[in-house]
1. Please go through region 126-148 and give me each residue that is at pLDDT 90 or above and loosely packed, with under 14 Cβ neighbours inside 10 Å, ordered by number.
2. Residue pairs, Cβ under 7 Å, 6 or more apart or interchain, first in region 19-33 and in the same structural domain as residue 74 (by TED's automatic domain parsing), second surrounded by fewer than 17 Cβ atoms within 10 Å (Cβ to Cβ). List them.
3. Checking residue 145 against (1) touching a Ser or Thr at 6+ places or on another chain (Cβ under 9 Å); (2) under 22 Å from residue 42 (Cα atoms): exactly one of these is not met. Which one?
4. For residue 38, state whether it is in contact with a Leu (Cβ under 8 Å, 6 or more places away or on another chain), modelled with pLDDT of 85 or more, farther than 30 Å from residue 167 by Cβ and assigned to a helix (DSSP H, G or I).
5. Residues 136, 120, 41, 92: which one is within 30 Å of residue 20 (Cβ to Cβ) and of a type outside the set (Ser, Thr, Tyr)?
6. Restricting to region 118-175, name every residue that is over 18 Å from the mean Cα position of the chain (by Cα), among the basic types (Lys, Arg) and within 24 Å of residue 79 (Cα to Cα).
7. So which of 50, 74 ends up being under 20 Å from residue 12 (Cβ atoms), assigned to a helix (DSSP H, G or I), over 15 Å from the mean Cα position of the chain (by Cα) and assigned by TED's automatic domain parsing to the domain that holds residue 21?
8. If residue 95 passes every condition in (1) closer than 23 Å to residue 82 by Cβ; (2) at pLDDT 85 or above but one, which one does it miss?
Amino acid sequence: MQSTSSASRHQSIDQLYSHHHGWLRGWLRRRLGNAADAADLAQDTFVRLLSIGPGEPLSVTTPRAYLATVANRLSINLYRRRSLEQAYLEALAQAPQDVAPSLEHQALVLEALDEIDQVLALLSAKTRQAFLMAQLEGYTQEEIAGRLELSVRSVQRHLARAFEECIVLASQSAA
């Protein structure tokens with residue numbers, strides 16, 4: 001049986017959906033130029049609302065602005081995910097045909113890349129840059145410090161922060 005606050009929250013989302021779903025889908029279609037993506041993102045917006053703070057009633061004073069903000073963030077994630085996927089597929093196209101991974105492996109790699117991208121997006125610009133320089137470009141901590149005009153100790157703190165986030169991601173993936 002649902003609690004009163006949970007039932008109230010679902011009722012609020014139902015009202016938001018019935019009053020603003022059509023508007024949101026149209027707004028997204030004009031913004032994205034693609035009806036299918038607009039429909040998916042509009043639906044994802046309401047799914048996101050259902051998954052946030054399920055114990056509290058939803059109180060939104062400016063529903064269209066709120067929905068547009070949530071939908072805009074989801075569209076940014078969509079395009080970032082597509083950009084990563086495109087870069088991965090381009091890299092695969094450069095690889096010899098006989099070493100191409102299976103479709104299942106490709107899907108797993110794309111999922112992992114998306115998760116890593118989400119973690120990197122949470123990091124500060126300096127932390128992200130230091131981490132990428134160390135992991136992708138092979139720079140030493142001293143080289144990173146010189147290029148970013150930081151102390152080696154600051155670079156170490158940035159790298160530790162990035163690794164902490166990666167560990168959190170790995171533990172969530174394992175659960």
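The values are calculated or read from the model by the stated rules, or taken from the named source; none is laboratory data. Just so it is clear, the structure is predicted and the values come from calculations on it, not from any experiment. Virtual Cβ from ideal backbone geometry, glycine too; neighbours counted across all protein chains shown.
1. Hits for region 126-148 are 140, 142, 146.
2. 20/63; 20/64; 23/64; 25/39; 29/35
3. With respect to (1) touching a Ser or Thr at 6+ places or on another chain (Cβ under 9 Å); (2) under 22 Å from residue 42 (Cα atoms), residue 145 is out only on (2).
4. For residue 38, the condition - in contact with a Leu (Cβ under 8 Å, 6 or more places away or on another chain), modelled with pLDDT of 85 or more, farther than 30 Å from residue 167 by Cβ and assigned to a helix (DSSP H, G or I) - is met.
5. On the way: 136 fails: within 30 Å of residue 20 (Cβ to Cβ); 120 fails: within 30 Å of residue 20 (Cβ to Cβ); 92 fails: within 30 Å of residue 20 (Cβ to Cβ).
None of the other options fit; the residue is 41.
6. Once the filter is applied, which keeps residues that are over 18 Å from the mean Cα position of the chain (by Cα), among the basic types (Lys, Arg) and within 24 Å of residue 79 (Cα to Cα), region 118-175 yields only 126.
7. On the way: 74 fails: over 15 Å from the mean Cα position of the chain (by Cα).
Exactly one of 50, 74 is under 20 Å from residue 12 (Cβ atoms), assigned to a helix (DSSP H, G or I), over 15 Å from the mean Cα position of the chain (by Cα) and assigned by TED's automatic domain parsing to the domain that holds residue 21, namely 50.
8. Condition (2) is where residue 95 drops out.
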